[in-house]
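Participant: Have a look at this one before I ask anything.
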Amino acid sequence: MTAELDAVALERARDLNGRDHEVWLRRALLLLVAVLPVLALLNVFGQSAVEASASSPVVKLTVRSPTHARGGLLYEARFTIEAHQDIKNATLALGGGWANGLTFNAIEPQPSRETSNNGDLTFQLGSISAGRSFVLHLYYQVNPTTTGTRAQQVALLDGETLLVSLDRHLTVYP
């Protein structure tokens, strides 16, 4: 047993002679692991809602939802429609990026009719009087295996007439 201990070089094992760079390598790796949660707390990887709007003489459409998200995230997308003139048959059309890789948990208030056209979603909301607002809430969860960027187009129509449209992008981090 003592023969084995005599074979240990104290300068290398205890005093770390010749191993100075290993200490800095361990510190750098530990710092790298610690940086990821700090960046997540600073919202670098998404989740915070961003507001975008488009308007015309007839209506103003405002969309509030995250533009960056992580797999498994639960979030809300809020669509606010402010009518400047009467809209007889308000229809909200969402591009395929609002459904691809995302799961709907709830839609409030429930549209009078929901349809799909080649992956695009359409919600008929009914009439909106001038000076009134309508708010539609969509509650989502990002599928855990989803990654990448997708275009999220939004269009508001009165029947078949386009009133206003808006383009957004959602980036999903692994």
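Participant: The conditions are (1) over 22 Å from Gln152 (Cα atoms); (2) of a type outside the set (Val, Ile, Thr); (3) assigned by TED's automatic domain parsing to the domain that holds Arg168, and Tyr75 fails exactly one of them. Which is it?
Facilitator: (1)
Participant: When only residues in the stretch 126-174 that are β-branched (Val, Ile, Thr) and part of a loop (DSSP other than H, G, I, E, B) count, which is surrounded by the most Cβ atoms within 10 Å (Cβ to Cβ)?
Facilitator: So, considering only residues that are β-branched (Val, Ile, Thr) and part of a loop (DSSP other than H, G, I, E, B), the one surrounded by the most Cβ atoms within 10 Å (Cβ to Cβ) is Thr146.
The rows are residues; the columns are (1) out of contact with any Phe, Trp or Tyr (no Cβ under 6 Å at 6 or more places or on another chain); (2) modelled with pLDDT of 95 or more; (3) assigned to a helix (DSSP H, G or I).
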residue: Leu25; (1), (2), (3): yes, no, yes
residue: Leu30; (1), (2), (3): yes, no, yes
residue: Leu39; (1), (2), (3): yes, no, yes
residue: Val50; (1), (2), (3): yes, no, no
residue: Ala54; (1), (2), (3): yes, yes, no
residue: Leu61; (1), (2), (3): yes, yes, no
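Participant: For Asn100, are the conditions met, namely being farther than 23 Å from Val58 by Cβ, out of contact with any helix residue (DSSP H, G or I) (no Cβ under 9 Å at 6 or more places or on another chain), surrounded by 13 or more Cβ atoms within 10 Å (Cβ to Cβ) and at pLDDT below 95?
Facilitator: Values: farther than 23 Å from Val58 by Cβ: yes; out of contact with any helix residue (DSSP H, G or I) (no Cβ under 9 Å at 6 or more places or on another chain): yes; surrounded by 13 or more Cβ atoms within 10 Å (Cβ to Cβ): yes; at pLDDT below 95: yes.
Yes: the conditions hold for Asn100.
Participant: Right, something else. Collect the residues in the stretch 103-117 that are at pLDDT below 90 and under 15 Å from the mean Cα position of the chain (by Cα), keeping them in residue-number order. Can you show your working first?
Facilitator: At the first step, the residues of the stretch 103-117 found to be at pLDDT below 90 are 104, 116-117.
Phe104 - this is the single residue of the stretch 103-117 that is at pLDDT below 90 and under 15 Å from the mean Cα position of the chain (by Cα).
Participant: Could you grab me the full set of residues in the stretch 66-84 that are at pLDDT 95 or above and either within 8 Å of the chain's Cα centre (by Cα) or part of a loop (DSSP other than H, G, I, E, B) (or both)?
Facilitator: His84
Participant: Another question about this same structure. Take Phe45 and decide whether it is outside any strand (DSSP E or B), among the hydrophobic types (A, V, I, L, M, F, W, C), farther than 20 Å from Gly159 by Cα and within 16 Å of the chain's Cα centre (by Cα).
Facilitator: So Phe45 passes the test.
Participant: Is the stretch 9-20 home to any residue that is closer than 26 Å to Asp167 by Cβ, exposed (fewer than 15 other Cβ atoms within 10 Å of the Cβ) and small (Gly, Ala, Ser)?
Facilitator: Taking every residue of the stretch 9-20 in turn, none turns out to be closer than 26 Å to Asp167 by Cβ, exposed (fewer than 15 other Cβ atoms within 10 Å of the Cβ) and small (Gly, Ala, Ser).
The values are calculated or read from the model by the stated rules, or taken from the named source; none is laboratory data. In this text, all values refer to a predicted model and were calculated from it rather than measured experimentally. Methodologically, a virtual Cβ is constructed for each residue, glycine included, from the backbone with ideal geometry; neighbour enumeration extends over all protein chains shown.
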